[in-house]
Amino acid sequence: MKLTGVEFDGPLAQRGIGVIAPFDLALERELWRWAPLEVTFHLARTPFEPLPVSLEMAQRVSDVSALQTATRELLGVEPEIVAYLCSSGSFIHGRDGEIALADAIRAAGAPDAVTSSGALAEAVTTLGLQRISVITPYDAPLTDRLVAFLGELGVEVVTAQHLGLGGGIWRVNYRTVAELVCAADDPASEALFVSCTNLPTYDIIDPLERDLGKPVLTANQLTVWSCLDRLGLPMMGPGRWLGEVFGR
């Protein structure tokens, strides 16, 4: 047998993104949909915490020592960047806390680092957004922390809608999320942000943007696109407003 076919020339050179996810992440399938073929995700999880989604959980899953341990566990497969894939865990301590988390991941050996809330900050700053609406699956106190985080960025939250869930966020269906987005929309809002990397959003972004006529930004979208931008790779998936932010 002569190995002359092009299929033997591969596989395509792999580009690795390390991902530190909360222990309850169940949307790996959606995460992969944002990535071009040559990208692979190397996942590590934070330690299990028997807690409902809450302020306390957000603090636990963003423990610096746990994130640094997870980072070191990823280094053996040589990721080019490590992402902390968690909205609440990266906004819980404000903008300075988010920056400190990314710095801690780099200090543990990551070549570069991104957090979900850092990617959100990058998007709203570059787009020049001053007024947005937010949608979360959280309770009111945790949603209020997101509002405060955006306030530090100079962004006014016009409306905030939340589901008040303590768990099982990945089970929420598209219709529920879309209804919440529509309820949160306001003529004064320049964009909408759907928080939580465990909330399904992929297939509803395009129809919502088309019908509402404004950006619908989501946590997984922003996090992955921020990583791809740093790797010089093309953006994949829905969302037509972020080209100038992440080089689409």
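In region 166-194, the residues that are more than 26 Å from residue 23 (Cα to Cα) and at pLDDT 95 or above reach residues that are of a type in the set (Ser, Thr, Tyr) and open to solvent by less than 20 Å² (accessible area, probe 1.4 Å) with C-beta atoms within less than 8 angstrom, at least six apart or across chains, in these pairs: 184/133; 185/133; 186/133; 189/133; 191/133; 192/133.
Kindly provide the set of residues from region 111-153 that are β-branched (Val, Ile, Thr) and open to solvent by less than 20 Å² (accessible area, probe 1.4 Å), ordered by number.
Taking region 111-153 first, the residues β-branched (Val, Ile, Thr) are 114-115, 124-126, 132, 134-136, 143, 147.
Scanning region 111-153 gives 114, 115, 124, 132, 134, 135, 136, 143.
Annotation for region 22-43: at least one member residue is among the aromatic types (Phe, Trp, Tyr), surrounded by 15 or more Cβ atoms within 10 Å (Cβ to Cβ) and assigned to a strand (DSSP E or B).
Residue by residue through region 140-170, note down the ones that are among the charged types (D, E, K, R) and touching a strand residue (DSSP E or B) at 6+ places or on another chain (Cβ under 7 Å).
156, the sole residue that qualifies.
Is it the case that some residue within region 4-16 is at pLDDT 95 or above, open to solvent by 80 Å² or more (accessible area, probe 1.4 Å) and over 18 Å from residue 137 (Cβ atoms)? There is no residue in region 4-16 that is at pLDDT 95 or above, open to solvent by 80 Å² or more (accessible area, probe 1.4 Å) and over 18 Å from residue 137 (Cβ atoms). Only residues that are crowded, with 24+ Cβ neighbours inside 10 Å and closer than 16 Å to residue 240 by Cβ were counted in region 195-207, giving 1. If you take the residues of region 154-190 that are open to solvent by 50 Å² or more (accessible area, probe 1.4 Å) and either among the aromatic types (Phe, Trp, Tyr) or under 18 Å from the mean Cα position of the chain (by Cα) (or both), which of them is farthest from residue 92 (Cα to Cα)? Only one residue tops the list, namely 174.
Hey, among the residues in region 218-236 that are of a type outside the set (S, T, N, Q) and touching a helix residue (DSSP H, G or I) at 6+ places or on another chain (Cβ under 6 Å), which one's most open to solvent (accessible area, probe 1.4 Å)? Residue satisfying both the conditions and the ranking: 229.
The values are calculated or read from the model by the stated rules, or taken from the named source; none is laboratory data. The structure presented is a predicted model; accordingly, all values stated were derived computationally and were not measured. Quick reminder, even Gly has a Cβ in these numbers, built from the backbone with ideal geometry, and neighbours come from all protein chains shown. Areas reflect the complete protein model, heavy atoms only, side chains present, ligands, DNA and RNA absent. Shrake-Rupley method; radii C 1.70, N 1.55, O 1.52, S 1.80 Å.
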